[in-house]
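Contents: one structure, followed by commentary.
What follows draws every value from the coordinates through simple rules; no lab data is involved. Computed from a prediction, not measured in an experiment: that's the story for all the values here. Note: ideal-geometry Cβ built from the backbone for every residue, glycine included; neighbour counts use all protein chains shown.
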Amino acid sequence: MEAISFLFFLVALIIVLTVHEASHALAAYYLGDPTAKMKGRLTLNPIPHLDPVGSIVFILTQRIGWGKPVPINPANFKKPLRDSALTALAGPMSNFVLAFIIVLPWKYLGEYMPDILLVEIQYIFHVSIFLGIFNLFPLPPLDGSKILGLVIPKAWYRGYQRYLIHGGKYFVAIILIDVFILGGIFGFSFFHFALSYLHNLISTVLLLGT
């Protein structure tokens with residue numbers, strides 16, 4: 001990646017991650033848990049939200065990554081399982097809302113914008129969609145694993161809690177198998193294929209539907 005392109009990408013990454021994590025904190029606070037607010041996470045200051053490993057992974061892959069997990073205390077929620085899932089859902093949904101908002105000036109005012117601003121908007125749009133999609137995969141520690149709480153039957157609750165605690169190893173295993181084994185056999189990453197396909201679908205819908 002050229003230096004200037006990397007700079008555009010880095011700015012977009014910081015903006016998108018900040019909105020994503022702050023949305024988790026806002027949802028938790030709205031649903032009755034002030035933990036994230038007390039920890040300084042209910043803010044658009046990017047520094048408290050950046051996870052070093054997740055940021056590096058996103059920079060290297062330009063597809064997958066994560067921010068620093070927002071601390072929540074489910075005991076403060078009226079319905080802990082449901083409200084934890086809604087708090088998790090707020091992150092990816094904020095990415096899609098941001099993409100929708102950002103596509104409007106790009107589409108209708110882009111020809112009047114300075115090139116540097118237009119390019120940055122385009123980066124924010126695409127990075128936001130990628131991050132939103134990636135975090136919806138139902139694998140710990142991604143948001144999608146917690147969103148499952150909205151549909152998990154009560155009879156499966158204990159098994160689901162074990163999955164959330166120990167499921168991170170499945171995430172690592174799937175990524176390694178996909179990249180190093182399946183990628184070597186088939187010549188491409190299924191994870192990357194799914195992300196790219198869904199990104200193209202959502203970005204097309206937003207660009208054509210606004």
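At an R0 of 35 angstrom, the distance between the Cβ atoms of residue 161 and residue 205 translates into a FRET efficiency of 0.50. Legend: helices of the chain (whole DSSP H runs) are marked when their alpha-carbon atoms reach 24 angstrom or more along the helix axis and their mean Kyte-Doolittle hydropathy is at least 0.5; marked are 3-30, 80-109, 115-134, 190-209.
In this simple spin-label approximation, residue 196 and residue 107 carry label points 7 Å from Cα along the Cα→Cβ vector, and these lie 2.5 nm apart. Under the simplified labelling scheme, the residue 115-residue 37 pair shows an inter-label distance of 4.6 nm, with each label point 7 Å from Cα along Cα→Cβ. Entry note: region 1-135 has Rg to Rh equal to 1.02, where both radii use alpha-carbon atoms and Rh is the Kirkwood radius.
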